[in-house]
Structures are given as C-alpha cells and as structure tokens.
Amino acid sequence: MNKIRNVVLMMVAAYMFTALPGIAQVNAHPSLKAENLKIILVKDIENISDSAHHHHAHDPHKSNYKIVHVQFTLTSTNPTADKGYKSVMMRLIDPHGVDIYDPAAGGGLFNLNGKETPYTYNVSGKYDGKPMEMDFLYKNSKQFKHGLHIIELYVDGMKIGEEHFVIK
C-alpha cells in the first residue's frame, strides 16, 4: 500500500511541475549547481523530555517533524566567472503546492521569472570558485504536513538544484 501511495505522490508532483508555472518554467543557472543535495528531517529539539508518561493530542494531518536540514556542495562549471558573493535561496513547497514562508524565520521575496516569489530561507557567502559546502537549518514554526515536499535552490533567480522528500 505504501508503494502505491508513493507512486501516486510522485505522479501528483509530476503534474504540479507541468501545471504550475511558478514551478515548471524556471531557468537553470548556466554554471552554478547544487551537488550532493541531502535532506535530513529532525523533530523539534526544544523541551525534550521523557514522553513515555505524557500524552499529547495528535493531528493526523501533521508530522512530528519541525526542522529540515539541507546540505549540498555549491560547484561551478566556470569557476573564474562565478567568483564572488553569492546568496542561495531555499524555497520549500508543501504537499498542497504552497510555499512555506515566514519573514520572522528568515524568509523573504526574490525575483523569479519577473515575479516576486517567496523563499523560505537563505544563506550567503563568498564563493571562491572551488566546491563549497553549504547548509540550511530551517525550523518551521509549525509541524510539516504529511505528503510530498519540494525543495528548490536558487542563485540570482536561477535554479541550481532541487530535491523532494515525503513525510508519511
């Protein structure tokens, strides 16, 4: 049954990529790429206690995960031209196609295909043309919903990487 559910989720994702212009029609960066993209989901790390004797109300539509850790290596096919200060935007999209975006948690807006588009979080650094390890540690103010999530990474309004994860 889980295999069927995962296939259905992937089919829905494929439909979203062709049906939603904000996701489908994005220019790839000509030389920068996010390689070795990894996603690690973490449950809330605050107020950890022995939960064996505590019962909490459970919302079946939400997971226990609140933190996403994204790791990748920023590389370039043209290291000389790409040197300099870079800002990488992470766009996290929930199973309903809605951007997870909170300005108080580091979110903002960036220009994507001439349109103001929300991003979830960003990191900046000086890129020297050599492979550079980067990571995002984003704590969602709410719990993540069950289903397929999409992470897109951008530099200068152009996509450098994408990854998906499913929360069951």
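Worth pointing out:
- Restricting region 116-134 to residues that are surrounded by 15 or more Cβ atoms within 10 Å (Cβ to Cβ) and closer than 20 Å to Ala104 by Cα, the residue that is farthest from the chain's Cα centre (by Cα) is Thr117.
- Some residue of region 82-89 being at pLDDT 95 or above and within 14 Å of the chain's Cα centre (by Cα): yes
- Just one of (1) modelled with pLDDT of 95 or more; (2) surrounded by fewer than 19 Cβ atoms within 10 Å (Cβ to Cβ) fails for Leu153. It is (2).
- Conditions (1) modelled with pLDDT of 90 or more; (2) outside any strand (DSSP E or B); (3) of a type outside the set (Ser, Thr, Tyr): number failed by Asp59: (1)
- Some residue of region 97-111 being in a strand (DSSP E or B) and among the small types (Gly, Ala, Ser): yes
- Search result, residues across region 129-150 that are over 14 Å from Met90 (Cβ atoms) and modelled with pLDDT of 90 or more: Gly129, Lys130, Pro131, Met132, Glu133, Gly147, Leu148
- Residue count for region 92-107 satisfying the condition of being closer than 21 Å to Met158 by Cβ and either acidic (Asp, Glu) or more than 14 Å from the chain's Cα centre (by Cα) (or both): 1.
- Residue in region 118-129 that is over 23 Å from Val26 (Cβ atoms) and either in contact with a Pro (Cβ under 7 Å, 6 or more places away or on another chain) or assigned to a strand (DSSP E or B) (or both) present: yes
The values are calculated or read from the model by the stated rules, or taken from the named source; none is laboratory data. Keep in mind it's a predicted model, so treat the numbers as computed, not measured. No Cβ is skipped: glycine too gets one built from the backbone with ideal geometry, and neighbour counts run over all protein chains shown.
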